[in-house]
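Enquirer: Below you will find the structure I want to go over with you.
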Amino acid sequence: MTRRKFSLGLAAFAALGCSAEAKQREGSVSMKDKKVLIACYSWSGNTKSIADCIAKKVGGTRFDLSCKTPYTKNYQACCDQAKRELAAGFLPELASDVDLAAYDVVFLGSPDWWGTVSPPVRAFIAKHDFTGKIVIPFFTHGGGGMQNCEKDMVKLVSSKGARTIPGKTAYGTFASVLPSAYMGWLKDCGFEV
């Protein structure tokens, strides 16, 4: 094989995104005719604010996850409860549900609880078949950043048949507005914003 053919072949391979990560993550596809669901669990309202902003930019259906037994409004008590639930693998019973069969793309949002996906979002994932769906994770945090949130969500939804696009996180107090960085992220996800 000539050096030129090898270089062209390598460039074509790279353009197709044939890395192991690219096979798992969708990226750079048009979302023009996709049916979109923007679902999230939000304890304080921050994650819901991001979900609302995403919905305004890309359209789609909004769905808020809620638990049959709501978490306490006391911050420290909620943190303690979440820590115990995550350690035990506890999945709370959800108060309502949505039919995922109607959607191609699912933006799925969670607060960062102890560096990972919240139990309500874990319960939602456990309840559904994501085969053929594209999941786009998003998170809010109180200063800890992404931590293991995205990695853990990708693992959870991939085990249920989903493909993923890289997610985004936002510091909680800035969640009421969609920062300009999110516009680039949504474009990278394939949306016209």
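Enquirer: Of the numbered conditions (1) on the phi > 0 side of the Ramachandran plot; (2) of a type in the set (S, T, N, Q); (3) at pLDDT 95 or above, SER42 satisfies every one except a single condition; which is it?
Expert: Status for SER42: all satisfied but (1).
Enquirer: Which one of the conditions (1) of a type in the set (A, V, I, L, M); (2) in contact with an Asp or Glu (Cβ under 9 Å, 6 or more places away or on another chain); (3) under 22 Å from LEU186 (Cβ atoms) does ALA123 fail to meet, given that it meets all the rest?
Expert: The failed condition is (3).
Enquirer: Restricting to segment 157-173, name every residue that is outside any loop (DSSP other than H, G, I, E, B) and hydrophobic (A, V, I, L, M, F, W, C). Write out each step before concluding.
Expert: Kept after step one, since they are outside any loop (DSSP other than H, G, I, E, B), are these residues of segment 157-173: 157-158, 163-164, 168-173.
VAL157, ALA170 - these are the residues of segment 157-173 that are outside any loop (DSSP other than H, G, I, E, B) and hydrophobic (A, V, I, L, M, F, W, C).
Enquirer: OK, next. Look at THR2 and say whether it is modelled with pLDDT under 95, hydroxyl-bearing (Ser, Thr, Tyr) and open to solvent by 40 Å² or more (accessible area, probe 1.4 Å). Steps first, answer last, please.
Expert: Working: modelled with pLDDT under 95: yes; hydroxyl-bearing (Ser, Thr, Tyr): yes; open to solvent by 40 Å² or more (accessible area, probe 1.4 Å): yes.
Judged against the criteria, THR2 is a match.
Enquirer: Return the residue satisfying two criteria in turn: it lies in segment 127-156 and is over 22 Å from GLY190 (Cβ atoms), part of a loop (DSSP other than H, G, I, E, B) and touching a strand residue (DSSP E or B) at 6+ places or on another chain (Cβ under 8 Å), and of such residues it is least open to solvent (accessible area, probe 1.4 Å).
Expert: Restricting to residues being over 22 Å from GLY190 (Cβ atoms), part of a loop (DSSP other than H, G, I, E, B) and touching a strand residue (DSSP E or B) at 6+ places or on another chain (Cβ under 8 Å), the top hit is GLY145.
Enquirer: Could you please find all residues in segment 173-184 being open to solvent by less than 10 Å² (accessible area, probe 1.4 Å) and either modelled with pLDDT under 75 or more than 16 Å from the chain's Cα centre (by Cα) (or both)?
Expert: Correct list: ALA175 only.
Enquirer: What's the total number of residues in segment 67-106 that are among the aliphatic types (A, V, I, L, M) and under 27 Å from LYS35 (Cα atoms)?
Expert: Final tally of qualifying residues: 8.
The values are calculated or read from the model by the stated rules, or taken from the named source; none is laboratory data. Just so it is clear, the model here is predicted, and its values are computed rather than measured. Positions of Cβ are backbone-derived with ideal geometry, glycine not excepted, and every protein chain shown enters the neighbour counts. Heads up: the accessible areas ignore ligands, DNA and RNA and are worked out on the full protein's heavy atoms, side chains in. Shrake-Rupley method; radii C 1.70, N 1.55, O 1.52, S 1.80 Å.
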